[in-house]
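Here is the structure we will look at.
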Amino acid sequence: ESRPMRRSRRRSLHSAPFKAAAPARCQAPSPLNMESYHKPDEKTLQGLKDVANKLRIHSIKATCASNSGHPTSCCSAAELMSVLFFHTMRYKASDPRNACNDRFVMSKGHACPILYAAWVEAGYVKEADLLNLRKIDCDLEGHPTPKLAFVDVATGSLGQGLGAACGMAYTGKHFDKSSYRVYCLLGDGECSEGAVWEAMAFASHYGLDNLVAILDVNRLGQSEAAPLKHDTAAFQERCKAFGWNTYVVDGHDVEELCKALWHAERFKGKPTAIVAKTFKGKGLKGIEDQDSWHGKPIPKDRVDALLAELQAQIQAPHKPLQAELPTEDAAPVDSKAIQLLCAPEYKIGDKISTRKAYGVALKKMGDASQRIVALDGDTKNSTFSDIFKKAHPDRYIECFIAEQNMVSVAIGCATRDRTVTFASTFAAFLSRAYDQIRMAAISQSNVNLVGSHCGVSIGEDGPSQMALEDLAMFRAIPTCTVFYPSDGVSTERAVELAANTKGICFIRTSRPDTAIIYESGEKFEVGKAKVVRQSDKDQVTVIGAGVTLHEALSAHEQLAKEGVNIRVIDPFTIKPLDAATIVASARATGGRVITVEDHYKEGGLGEAVLAAVGEEPGIVVHRLAVDRVPQSGKPQELLDMFGISAKCIVAAVRQTFAN
Ligand SMILES: Cc1ncc(C[n+]2csc(CCOP(=O)(O)OP(=O)(O)O)c2C)c(N)n1
Ligand SMILES: *[C@@H]1O[C@H](CO)[C@@H](O)[C@H](O)[C@H]1NC(C)=O
């Protein structure tokens, strides 16, 4: 690239000598400081105003062509987008996914026509394509997804963009140690989402001064006004209370926006929130600031006049403004597979819980690659992610008790393959981040989620801590691989495989100590089950995982004494499930299959097996699973009470002969 780096050029233009900010935490949240800021020249300002109106025109035309979409949500953000994309942000317009580029997250994803329009003005998207908005053969969908190179995370479920932006900003600052910055645009209605405030707390706790949130306070939501209406002071107080440097601006004044964003870039130690007072449908006479225009294209009989008015405001049809180039200080991705440096160090019969084996495994993966990053939500000494933290403190992010945000941050860290991310908590608490997990699939994320404390086998803590829905939840996610390891060796290999598997990975770990059943050299593959007990005279196939695999092994032992042989299968991954091995075993055991799982009956291992054999004649699956809300007690007592212990398996095996 021969173009000069305007980052340094601008510094010398505007701020010679550049005044170092006072140490971050002592600096009062200052009003916009005029000392070193020089306003852009009139031509630039007019250019930015012109671009804003061009963005409005594009957004209106695109949503008219699709006869759906949110033009008024675009129009409130026109000046914000113009200044961000053509004055503040630094990126290579021809290479939107470049690692060095500033990031932009459109958290109010329904306003994406204006994002697409910005990339038209930047020269990356063809103007004619805008008219294919929302059409079946066009990647310019109704809400943005990473099918588009300029989108890192899918948005559209409101409240999630800022958490992902936090993950990107944390990664930029602490892992990439690069100068790219992260900008996130939110709606005011969107700010009613709790996840926004989890992210606000995270960003200030970690002093993410490379992150800017822009609040498009256009007063209106979908069905009525947002609760704070135009009370920008209330937004400012909230942002300040959450530890952010905060500016209130007229969101339609390009010069004020240039200035606020200029100050944001120089403010050290805190993230900056720009509370922008705007009007929904700004620039559209009779529609601006009116109710009942959310999500409606401009009616055909009004559109020509409104477009003409916007067009008339464009003064200078001169060559379009160009974004500045980024500083090239982010390393290219090293996409080599990450492998354990040595095999698992367990001996058959040793006892370790799979949750602890997870911590050991992750630490070893961290030894193998700098790209491995771990997150947890204040459960690190329960999930054992603290073993990783002790060895690699610089690559551990404590996310505190905010699981939705933890998942969003993890997704953000994993964007553009900057890191290989593992986020852990009790599996039960991942359920509150299910919307984030669902969106992660749309985001094409490779994030790895690890849930400990599955099932009734956690014992005394009782049902609030027991994950009994997690398999159902993760199986339903289209890009997800579900690992359910049953001993330390297979856990270590599950972590290694997850690190190198595309899509979302979920690893389900258990609390009780269980015996090592595999040799340290045993090979594991996604979608390949292990037949752990078999003979020529097996009469029933029993499939268990985690603690219930060990219960099945103990049932095997008891039944063997009575001369009854059972085949025992460890599926290793529940999705994909090794249907071939299961069907072959079922055939070898007279079509008799028993599944046993520490999970509710719906959507778990049993139903996965049923689905796998559903089209095979002559196979009958009997399911042992938790079928009601459990309670506190000792693990073994609970396994008995809820029908998934060795004793219950033995009884079920006998039952299959009775029939
Ligand atoms: C989690 C979630 N809830 C509800 C919606 C439906 N929805 C889409 S846009 C919108 C209103 C958004 O208002 P605001 O954030 O103020 O954005 P604006 O369009 O006014 O810029 C709603 C309720 C959604 N997309 N996501
Ligand atoms: C986690 O660590 C804290 C602080 O050391 C301790 O009080 C707590 O008991 C530990 N919890 C578990 C589950 O080990």
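A few notes on this one:
- The helices (runs of 4 or more DSSP H) found entirely in the range 28-121 that carry 1 or more residues being in contact with a strand residue (DSSP E or B) (Cβ under 7 Å, 6 or more places away or on another chain) and free of Cβ contacts under 8 Å to residues at least 60 places away in the same chain are 112-121.
- Total residues in the range 223-234, condition within 12 Å of ligand 1 (Cβ to nearest atom) and not in a loop (DSSP other than H, G, I, E, B): 1
- Taking the range 157-177 as the range and being hydrophobic (A, V, I, L, M, F, W, C), away from ligand 1 (no atom under 16 Å from the Cβ) and over 12 Å from the mean Cα position of the chain (by Cα) as the test, the residues that pass are Ala169, Phe175.
- Qualifying residue in the range 473-493 (condition: of a type outside the set (Val, Ile, Thr), closer than 26 Å to Lys634 by Cα and under 16 Å from the mean Cα position of the chain (by Cα)): no
- If you go through the range 268-326 and pick out every residue that is assigned to a loop (DSSP other than H, G, I, E, B), surrounded by 17 or more Cβ atoms within 10 Å (Cβ to Cβ), small (Gly, Ala, Ser) and within 16 Å of ligand 1 (Cβ to nearest atom), you end up with 2.
- Residues that are in contact with a Gly (Cβ under 7 Å, 6 or more places away or on another chain) number at least 2 in the following helices (runs of 4 or more DSSP H) confined to the range 548-659: 635-641.
- Residues in the range 433-464 that are part of a helix (DSSP H, G or I) and of a type in the set (Ser, Thr, Tyr) were compared, and the one that is surrounded by the fewest Cβ atoms within 10 Å (Cβ to Cβ) is Ser464.
- Residues of the range 520-536 classified as among the β-branched types (Val, Ile, Thr) and out of contact with any Lys or Arg (no Cβ under 7 Å at 6 or more places or on another chain), total: 2
- Being within 16 Å of ligand 1 (Cβ to nearest atom), surrounded by fewer than 24 Cβ atoms within 10 Å (Cβ to Cβ) and of a type in the set (Val, Ile, Thr) is true of Thr145.
- Across the range 188-217, the qualifying residues are those that are more than 16 Å from ligand 1 (Cβ to nearest atom) and not in a loop (DSSP other than H, G, I, E, B), and the one among them that is farthest from Lys280 (Cα to Cα) is His205.
- Matching residues, the range 119-142, being within 16 Å of ligand 1 (Cβ to nearest atom) and either of a type in the set (Gly, Ala, Ser) or more than 21 Å from Ala164 (Cβ to Cβ) (or both): Arg134, Gly142
- Here Val526 fits the description: buried (at least 17 other Cβ atoms within 10 Å of the Cβ), without any contact (Cβ under 8 Å) to a residue 60 or more places away in the chain and either more than 27 Å from Ile437 (Cβ to Cβ) or in contact with a helix residue (DSSP H, G or I) (Cβ under 7 Å, 6 or more places away or on another chain) (or both).
- Test result for Ala467, surrounded by 22 or more Cβ atoms within 10 Å (Cβ to Cβ) and not aromatic (Phe, Trp, Tyr): yes
- Residues of the range 511-567 satisfying the condition of being over 30 Å from Thr379 (Cα atoms) and basic (Lys, Arg): Lys523, Lys528, Lys530, Arg533, Lys537, Lys561, Arg567
- Residue within the range 242-262 that is closer than 19 Å to Glu288 by Cα, basic (Lys, Arg), modelled with pLDDT of 95 or more and in contact with a Lys or Arg (Cβ under 8 Å, 6 or more places away or on another chain) present: no
- Strands (runs of 3 or more DSSP E) fully within the range 351-432 counting 3 or more residues that are touching a Leu at 6+ places or on another chain (Cβ under 8 Å) and crowded, with 24+ Cβ neighbours inside 10 Å: 420-426
- Among the residues of this structure, Leu220 counts as one that is over 26 Å from the mean Cα position of the chain (by Cα), within 25 Å of Ile287 (Cα to Cα), within 14 Å of ligand 1 (Cβ to nearest atom) and of a type in the set (A, V, I, L, M).
Yes/no per residue for (1) part of a strand (DSSP E or B); (2) surrounded by fewer than 19 Cβ atoms within 10 Å (Cβ to Cβ):
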{"site": "Asp137", "(1), (2)": "no, yes"}
{"site": "Phe150", "(1), (2)": "no, no"}
{"site": "Thr155", "(1), (2)": "no, no"}
{"site": "Gly163", "(1), (2)": "no, no"}
{"site": "Tyr180", "(1), (2)": "no, no"}
{"site": "Tyr183", "(1), (2)": "yes, no"}
{"site": "Leu186", "(1), (2)": "yes, no"}
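- Residue check: Arg90 meets all listed conditions (1) more than 25 Å from the chain's Cα centre (by Cα); (2) away from ligand 1 (no atom under 16 Å from the Cβ); (3) at pLDDT 95 or above but one, namely (1).
The values are calculated or read from the model by the stated rules, or taken from the named source; none is laboratory data. Note that this is a predicted model, so its numbers are computed, not measured. When we count neighbours, we look across all protein chains shown, and the Cβ atoms used for this are built from the backbone with ideal geometry, even at glycine.
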